[in-house]
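Step one of this worksheet: look at the structure below.
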Amino acid sequence: MRRPIIAGNWKMNNTIAETRKLINELKPLVKDAKCDVVICTPFTSLAAAIEETKGTNIKVGAQNVHWAEKGAFTGEISAKMLLELGVEYVIIGHSERRQYFGETDQSVNARVKAALAASLKVILCIGETLDEREKGLIEEVLVRQTTEALKGIDKAQLEDIIIAYEPVWAIGTGKTATSKDANDSIKIVRDTVAKLYDEEAAQKIRIQYGGSMNPSNASELMAMPEIDGGLIGGASLKAEDFAKVVNY
Ligand code: 13P
């Protein structure tokens, strides 16, 4: 049985003060959660988030990490820097990074390797755009993104990877993939992991759905056999909404 994992991706939201407030609202609401609970805050809020969540069941993640150990990479953050703060998770390859910041399958792969080498847990994002979906390229895109992101990563390291399937057209649009479509796409990803590794690895890896997941659709999505969790954007910014998803 795969343990469900619900993660909030705060994106570029919440100052340090807002972070402390939101976490303190959230703590009592999710303390009995039956799944893993993660919040991925902006870099500037990580230290405060780690302090506020100490001794709770809420884990903290970053939203990106660089592939190099250190050096002349203005504006970037290394895995070691995150680790030193006490960060446990990091989102890599989010579609907004691919779309606005030139992230490629290759740079995603390099970042995944660096994060794993530093023993961070990775939330690896993949998903097709609307255009790709309309052209019937869902499978091709998901297979390519999964294969490229996992290049050079061995089976044992997969334990520290969670894949988030986020159809780009469903992010922040209020349009959710139907639970059947989400389940079908995640099955494609799981089958790809089986081909790259083996059936055991495929059955073990946790794959989340992300894209306008909220209190009203969470239980239906989570009831699907292939869906092991959610990566929540907008609905993670309100304690009550996020808690309702966590306690789906
Ligand atoms: P929304 O939940 O706002 O659609 O965002 C999803 C997402 O991108 C999470 O990473």
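Values for this structure:
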| read-out | value |
| --- | --- |
| Any chance Asn9 is more than 24 Å from Met213 (Cβ to Cβ), of a type outside the set (A, V, I, L, M) and in contact with a Gly (Cβ under 9 Å, 6 or more places away or on another chain) | no |
| Tyr248, sole failed condition from (1) open to solvent by 50 Å² or more (accessible area, probe 1.4 Å); (2) within 16 Å of the ligand (Cβ to nearest atom); (3) touching a helix residue (DSSP H, G or I) at 6+ places or on another chain (Cβ under 8 Å); (4) part of a helix (DSSP H, G or I) | (4) |
| Hey, Gln99 touching a Leu at 6+ places or on another chain (Cβ under 7 Å), surrounded by fewer than 23 Cβ atoms within 10 Å (Cβ to Cβ), farther than 17 Å from Leu231 by Cα and not β-branched (Val, Ile, Thr) or not | no |
| Matching helices (runs of 4 or more DSSP H) fully within the range 1-96 where at least 3 residues are in contact (Cβ under 8 Å) with a residue 40 or more places away in the chain | 16-30 |
| Residues located in the range 163-178, provided they are over 15 Å from Asp131 (Cβ atoms) and crowded, with 24+ Cβ neighbours inside 10 Å | Ile163, Ala164, Tyr165, Glu166, Ala177 |
| Residue in the range 2-18 that is farthest from the chain's Cα centre (by Cα), counting only those that are more than 13 Å from Gly229 (Cβ to Cβ) and open to solvent by 10 Å² or more (accessible area, probe 1.4 Å) | Ala17 |
| Residue satisfying condition, being outside any loop (DSSP other than H, G, I, E, B), near the ligand (Cβ under 9 Å from one of its atoms) and within 24 Å of Leu137 (Cβ to Cβ), within set Ala164, Ala235 | Ala164 |
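Okay, residues lined up against (1) buried (at least 17 other Cβ atoms within 10 Å of the Cβ); (2) of a type in the set (D, E, K, R):
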position: Arg20; (1), (2): no, yes
position: Leu26; (1), (2): yes, no
position: Val38; (1), (2): yes, no
position: Thr41; (1), (2): yes, no
position: Gly55; (1), (2): no, no
position: Val60; (1), (2): yes, no
position: Gln63; (1), (2): yes, no
position: Trp67; (1), (2): yes, no
position: Ile77; (1), (2): yes, no
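The values are calculated or read from the model by the stated rules, or taken from the named source; none is laboratory data. In this text the structure is predicted, and so the values were computed from the model without any measurement. Reconstructed Cβ throughout: ideal geometry from the backbone, glycine too, with neighbour counts over all protein chains shown. The accessibility values were calculated without ligands, DNA or RNA, using every heavy atom of the protein model including side chains. Shrake-Rupley method; radii C 1.70, N 1.55, O 1.52, S 1.80 Å.
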